[in-house]
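The values are calculated or read from the model by the stated rules, or taken from the named source; none is laboratory data. Small disclaimer: the values here were computed from a predicted structure and weren't measured. Note: ideal-geometry Cβ built from the backbone for every residue, glycine included; neighbour counts use all protein chains shown.
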Amino acid sequence: MKTLQLKDCNLLVIGLGLIGGSLAKDCVERKVFNKVIGYSRKSETMAKAKELGLINDFEADLETAVSQSDVIFISVPILTTEKIIAAIAPYLKTETILTDGGSSKESIVESARQFLSTTQFENFVPGHPIAGAENSGVHAARANLYQNQKIILTPEDETNKTAISIVKAMWQAVGGQVDLMSPQRHDSVLAATSHLPHLLAFNLVDSLAKNSDYKDIFNYAAGGFRDFTRIAASDPVMWHDIFQANQKSVLTALDQFLSELHRLRDAVEKSDGDYMKKVFMDAKVARDHFSKILEARNSGCSEE
């Protein structure tokens, strides 16, 4: 693969919601690429994205959009990502670099191996920006979403080093901090730190909503309930796809959590204050440490 400069390349963003739209917006405002093209299955979404300044232009025909692009970022729900890879494979240029923002990597890598040629797969750099919010859609896109945020890339052994460098440079250009790891390690880590908390939040809100006293429950709920359940407002379709795609790792994390939860339940039932206090203190220490990591990251300082 010849050496590419981002400023000479066209970026195609497929999916113009929070993740894709925010990347596009930063790339446009910072002039990272020659041109940022948007694609969505809804024409009104593309028109709104251009009106909001998220993209330089849009293309309603996917084949045409792909043929004009040097770098393609897929930002749609995971099961749709797999369909998009299959759909665009016949139109990818030899040196087109393909990447994505999916929250589960093993299933996407497997699909890419299935639908892409050997050369196309070598130019595929799976990725996942660890940033976002519970809001979704084109109106949720915002500038600086990725500033000082972790971006995980999960290339395979045969992934082209130039392709990795280009995708890494793209994320660094919008303020991201890029780390590399295997797809398997990514899915295990994200199952524990992101997927499991979302599963618990969805389940808690749904469970309470079914309670006969739900009106009083929600009426008198305070800030703690709001903070804990905020992520239950996330896109249901996206999370449905994540739990299907990362089933194995999610179940492992969930089983471990349930084991610890049953132990804590026993402590409450038996008034085992020592065990409860230890759990609460250990959790506070861990949470305080996590807060310091986030503060250091957001300030651009070292986390160590």
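Values as computed for the structure displayed
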{"item": "Residue in segment 213-229 that is within 22 Å of THR96 (Cα to Cα) and not in a loop (DSSP other than H, G, I, E, B) present", "result": "no"}
{"item": "Only one of VAL28, VAL32 that is touching a strand residue (DSSP E or B) at 6+ places or on another chain (Cβ under 6 Å), farther than 19 Å from THR80 by Cβ, of a type in the set (A, V, I, L, M) and at pLDDT 95 or above", "result": "VAL28"}
{"item": "Filtered residues of segment 144-172 (kept if closer than 16 Å to GLY101 by Cα and in a helix (DSSP H, G or I))", "result": "ALA163, ILE164, ILE166, VAL167, LYS168, ALA169, MET170, TRP171, GLN172"}
{"item": "Number of the condition not met by ALA87 [criteria: (1) touching a strand residue (DSSP E or B) at 6+ places or on another chain (Cβ under 8 Å); (2) in a helix (DSSP H, G or I)]", "result": "(1)"}
{"item": "Filtered residues of segment 6-54 (kept if aliphatic (A, V, I, L, M) and touching a Phe, Trp or Tyr at 6+ places or on another chain (Cβ under 7 Å))", "result": "LEU6, LEU11, LEU12, VAL13, ILE14, LEU23, ILE37, MET46, ALA49"}
{"item": "Every pair of residues 6+ apart whose Cβ atoms lie under 9 Å, when the first sits in segment 198-223 and is farther than 19 Å from GLU134 by Cβ while the second is assigned to a helix (DSSP H, G or I)", "result": "ASN211/ILE217; TYR214/LEU208; ILE217/LEU208; ILE217/ALA209; ILE217/PHE225"}
{"item": "Among (1) over 23 Å from the mean Cα position of the chain (by Cα); (2) touching a residue at least 60 places away in the same chain (Cβ under 8 Å) - the single one SER43 does not satisfy", "result": "(2)"}
{"item": "Qualifying residue in segment 240-249 (condition: aliphatic (A, V, I, L, M), closer than 18 Å to PRO197 by Cβ and part of a helix (DSSP H, G or I))", "result": "yes"}
{"item": "Residue tally, condition within 18 Å of PHE228 (Cα to Cα) and either hydroxyl-bearing (Ser, Thr, Tyr) or in contact with a Lys or Arg (Cβ under 9 Å, 6 or more places away or on another chain) (or both), over segment 191-217", "result": "6"}
{"item": "Some residue of segment 57-66 being in the same structural domain as ASN160 (by TED's automatic domain parsing) and within 23 Å of ILE151 (Cβ to Cβ)", "result": "no"}
{"item": "Flag for ASN148 being in contact with a helix residue (DSSP H, G or I) (Cβ under 6 Å, 6 or more places away or on another chain), at positive phi, buried (at least 16 other Cβ atoms within 10 Å of the Cβ) and not assigned by TED's automatic domain parsing to the domain that holds ASP241", "result": "yes"}
{"item": "Among the residues listed as ILE108, ILE151, ILE97, the single one being free of Cβ contacts under 8 Å to residues at least 40 places away in the same chain and touching a strand residue (DSSP E or B) at 6+ places or on another chain (Cβ under 8 Å)", "result": "ILE151"}
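Let's see how each residue does on (1) out of contact with any Gly (no Cβ under 7 Å at 6 or more places or on another chain); (2) modelled with pLDDT of 95 or more:
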| residue | (1), (2) |
| --- | --- |
| LYS42 | yes, no |
| GLU51 | yes, yes |
| LEU54 | no, yes |
| ASP57 | yes, yes |
| ALA65 | yes, yes |
| ASP70 | yes, yes |
| ILE74 | no, yes |
| ILE85 | yes, yes |
